[in-house]
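The values are calculated or read from the model by the stated rules, or taken from the named source; none is laboratory data. Only a predicted model underlies this, so the values are computations on that prediction, with no experimental measurement involved. Cβ placement follows ideal geometry from the backbone for every residue including glycine, while neighbour counts extend to all protein chains displayed.
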């Protein structure tokens, strides 16, 4: 196909070096009608034909919809170095700069598809890549279907757009182009990445350099499996080097190894915690049984009864503690006869009807030892006021080895004001 200017002194052929031509010297060809179908490929089409001057008139759109010949004749976009639109001619120029052959409006077998620019290997045609300038809106389904048609014929494809945020970007192998600061050459602004550390970061380069890498298989399409650190969006498919893909694989393998190691370590820790809890539970059960036995023995001795009476007379708040147990915990208890036993750390044991300790009243934190620790971690500790409770809970007042991980269960009671004359207990 060729076209000539109105003056007839310059023509443009598909085989010309389009990089040397100005925008005004390049035009698209006119859709052939049925009567023109017998024209030879070298038939000239003047610039001032209606189809060239007005490529989007309603007549042409109608022909594009209804005319078979018009469907077969897809207009070539005019390249404008001062515009931001990605032109097919610019893609062809970049492909040639990258060392490939470039053919505009190349058809596939049986006309099933047509590439804006078909780039092929100059050394025998070992590969073919379609370069598609997709400026109009298109759905993910349609762009994927068009890509699969070309792939079925052994032709890979790359889709290009200079729009700020094409929604289909990354659905198929694609990149977004830009012309920063009005420069002459296009650059890849989005879609090319490299793997660094634990994720992907964007890379910018010229369009021709990008295509040279693609044609040499130095960059390939890839579906990232780690964080894509691009400001615009997370793309499903990106372009990167095989080395970066291997780096991502190595990172993921290392992460998997760390995860398995962490899981094994956590399993061992949990196993140790379960064993410790079982051991502690057994120790507390033993301490409680021993305390109940001591209580039964104390009830048979006069000293036990005397110590109990002394506690009831001089330790204010025991009655309030017994009331709290009954009202808030549903436990009927009384002061124990084993008061003074070191396992209560100077506190008064509160026991149920069978003599089993259920709480300890006002223990001294500085007197907590091994026996008291095992027993009191199982019991509720009641104090005559909030100050005494805070003093006991202060970790500085208890040796480190006698501080349970979850802390002691403590509470405080409210003591009624002291009456002027308190009669002794009988």
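Pull up region 223-232, narrow it to residues that are surrounded by 13 or more Cβ atoms within 10 Å (Cβ to Cβ) and more than 18 Å from residue 177 (Cα to Cα), then point me to the one that is modelled with the lowest pLDDT.
Restricting attention to region 223-232, the residues satisfying the condition of being surrounded by 13 or more Cβ atoms within 10 Å (Cβ to Cβ) are 224, 226, 228-230, 232.
Imposing the further condition that a residue be more than 18 Å from residue 177 (Cα to Cα) reduces the set to 224, 226, 228-229.
Numbers: 224: 93, 226: 87, 228: 78, 229: 67.
So the residue we want is 229.
Rundown of residues vs (1) surrounded by 15 or more Cβ atoms within 10 Å (Cβ to Cβ); (2) in a loop (DSSP other than H, G, I, E, B); (3) touching a strand residue (DSSP E or B) at 6+ places or on another chain (Cβ under 8 Å); (4) modelled with pLDDT under 95, yes/no style:
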| residue | (1), (2), (3), (4) |
| --- | --- |
| 124 | no, yes, no, yes |
| 142 | no, no, no, no |
| 145 | no, no, no, no |
| 158 | yes, no, yes, no |
| 166 | yes, yes, yes, yes |
| 189 | yes, no, yes, yes |
| 200 | yes, no, yes, yes |
| 212 | yes, no, no, no |
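Taking only region 286-316 into account, find how many residues are in a loop (DSSP other than H, G, I, E, B) and touching a strand residue (DSSP E or B) at 6+ places or on another chain (Cβ under 7 Å). Before you say what the answer is, go through the steps one by one.
Quick first cut of region 286-316, residues in a loop (DSSP other than H, G, I, E, B) only: 299-301, 315-316.
Checking which are touching a strand residue (DSSP E or B) at 6+ places or on another chain (Cβ under 7 Å) leaves us with 315.
Number satisfying all stated conditions: 1.
Please go through region 344-364 and pick out each residue that is closer than 20 Å to residue 397 by Cβ and surrounded by fewer than 22 Cβ atoms within 10 Å (Cβ to Cβ).
Residues satisfying the conditions are 346, 364.
Looking at (1) in contact with a helix residue (DSSP H, G or I) (Cβ under 7 Å, 6 or more places away or on another chain); (2) touching a residue at least 40 places away in the same chain (Cβ under 8 Å); (3) part of a loop (DSSP other than H, G, I, E, B), which is the one condition that is false for residue 375?
Condition not satisfied by residue 375: (3).
Please go through (1) assigned to a helix (DSSP H, G or I); (2) without any contact (Cβ under 8 Å) to a residue 40 or more places away in the chain; (3) in contact with a strand residue (DSSP E or B) (Cβ under 7 Å, 6 or more places away or on another chain) for residue 321 and return the number of the only condition it doesn't satisfy.
Failing condition for residue 321: (2).
Conditions tested, residue by residue: (1) in a helix (DSSP H, G or I); (2) assigned by TED's automatic domain parsing to the domain that holds residue 133; (3) exposed (fewer than 15 other Cβ atoms within 10 Å of the Cβ).
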position	(1), (2), (3)
221	no, no, no
234	no, no, yes
244	yes, no, no
254	yes, no, yes
258	yes, no, yes
263	yes, no, yes
273	yes, no, yes
284	yes, no, no
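Criterion first (part of a helix (DSSP H, G or I), touching a strand residue (DSSP E or B) at 6+ places or on another chain (Cβ under 9 Å), surrounded by fewer than 21 Cβ atoms within 10 Å (Cβ to Cβ) and modelled with pLDDT under 95) does residue 328 satisfy it?
Numbers: part of a helix (DSSP H, G or I): yes; touching a strand residue (DSSP E or B) at 6+ places or on another chain (Cβ under 9 Å): yes; surrounded by fewer than 21 Cβ atoms within 10 Å (Cβ to Cβ): yes; modelled with pLDDT under 95: yes.
In short, yes.
When the residues of region 168-187 are narrowed to those that are touching a helix residue (DSSP H, G or I) at 6+ places or on another chain (Cβ under 9 Å) and assigned to a strand (DSSP E or B), which ends up surrounded by the most Cβ atoms within 10 Å (Cβ to Cβ)? If you could, list the steps in order and put the result at the bottom.
Looking only at region 168-187, we keep the residues that are touching a helix residue (DSSP H, G or I) at 6+ places or on another chain (Cβ under 9 Å), and these are 168, 171-175, 177, 185-187.
Filter again for assigned to a strand (DSSP E or B), leaving 172, 174-175, 177, 187.
Values: 172: 22, 174: 25, 175: 22, 177: 23, 187: 19.
So, considering only residues that are touching a helix residue (DSSP H, G or I) at 6+ places or on another chain (Cβ under 9 Å) and assigned to a strand (DSSP E or B), the one surrounded by the most Cβ atoms within 10 Å (Cβ to Cβ) is 174.
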